Amino acid sequence: MIILDETNKKIDHILFIGDTHGENINIPHHIEKQTHIPQQDKKALIHVGDFGVGFQSYDTEMHSLDTLNTKLIEHNTTMYVVRGNHDNPEWFNGEFLFSNLVFLRDHTVLEFQRMGQDKRTKIYCNGGSISIDRSNRTEGRSYWKAEGFKELTPEQLLEIPTDLDCIVTHNRPLGLHPTVYNSSVLRWCVQDDKLDHDLKEEQLSLKKMFDSIRERNNSRNNIVHYFGHYHWSHKERIGDIAHITLSKHEVAEFREY
C-alpha cells in the first residue's frame, strides 16, 4: 500500500469529479461552478476514473496535461486521478509527475489536513474496471488487458486503515445499484462470451474489499464511497457506508453523512 501524505497542503475543500473521458481542459470550469467556494481557497479534487489518458501520442498527451496543470495552479487546486477502464494503466505507475496533477497508483491512501479540522481526512483509492465494449477496441491503443480492478490479497485487505473517511473506486461492488445489466451491456455480452463472467467476478472482488472494510470499521465511523463508470447520479446507504455515484463531469464536495 502507498500512503500519500498531503497534510502539509492545508486543504480548505475536498471535491470529487465523475468521468471526463478526455474532456479534461474543462475541469477548471466545473470547479468554477462551485460558486460557494472562493477561488483562493485550496482545493483537492479527486477524479474517480475514466480521465481518458493514454489515447493520444505521448507528446500531445504531455502538452494537454501541462496545460491542465497550469490551469489547476491558477485555481489553487491539486487533482488526484484514480484509474478507470478508459485510462492507460502505464500512466498510473508513479513515473508521471506534475505539480498539481497526480496519477494515483492502485491501493493508495490519501491523507489531508482540512483547515479548521483537528482530524486528518483519510481516503482509500483503488481504480480499474472492465470495458463492456472491449471486443470492439484495439488492444494497446484503446483498450488495455490490465484495465480491470485487481483483486486484493488477504494481506493487502488488512493494510487498509480502519479509520477511513472516504473510499474512491471507479466501479461498484456487487449488490449496489444498478443491480442488473441494461440493454447496452446485454448486447455486448452477446458479442463477448466472457464478458458476463468477468464483470461479475470483478464486482465480487470489489464486494470482498468492501466487506473486509465493513468488518473492521468502527460502526460509529461513517464512510462515504464515491465512484463513477455509470454516467449517472445516485445515492444509497448500506450499513455504515454511503455510496455516491457521480455522473460525467459531476462535482461533489466531501461531507460527513
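The values are calculated or read from the model by the stated rules, or taken from the named source; none is laboratory data. All values derive from a computational prediction rather than experimental measurement. Surface areas here come from the heavy atoms of the whole protein model, side chains and all, with no ligands, DNA or RNA. Shrake-Rupley method; radii C 1.70, N 1.55, O 1.52, S 1.80 Å.
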- Query: Quick one: Kirkwood hydrodynamic radius for segment 74-225, alpha-carbon pairs, angstrom, one decimal?
  - Reply: 17.1
- Query: Hey, in the GNM for the chain with a 10 angstrom Cα cutoff, which one of Arg187, Arg134, Arg220 fluctuates hardest?
  - Reply: Arg220
- GNM on the chain, Cα springs under 10 Å; top mean-square fluctuation among His36, His170, His47 goes to His36
- Using the C-alpha gyration tensor of the chain, what are the square roots of 5 times its eigenvalues, in whole angstrom, with the largest one first? 27, 24, 17
- Roughly what percent of Cα-Cα pairs across segment 1-78 reach past 18 Å? 46
- Task: Return the whole-Å distance between the Cα centroid of segment 14-46 and the Cα centroid of segment 181-218.
- Result: 29
- Kirkwood Rh and Cα Rg combined as Rg over Rh, evaluated for segment 1-147: 0.97
- Compute the separation of the alpha-carbon centres of segment 226-257 and segment 50-126 and state it in Å as a whole number. 19
- Give me the percent of the accessible area of segment 88-185 that comes from carbon and sulfur atoms, probe 1.4 Å, all protein chains in place. 48
- Taking amide H positions as placed 1.01 Å from N in the peptide plane, with prolines and chain starts having none, which residues 5 or more places from Ile46, or on another chain, fall under 5 Å of its amide H? Leu15, Phe16, Ile17, Tyr80
- Listed pairs Lys119/Lys208; Lys119/Lys145; Lys43/Lys248; Lys9/Lys145 exceeding 30 Å between Cα atoms: Lys119/Lys145; Lys9/Lys145
- Note on the structure: Out of Arg105, Arg216, Arg120, a Gaussian network model of the chain with alpha-carbon springs under 10 Å gives the largest mean-square fluctuation to Arg216
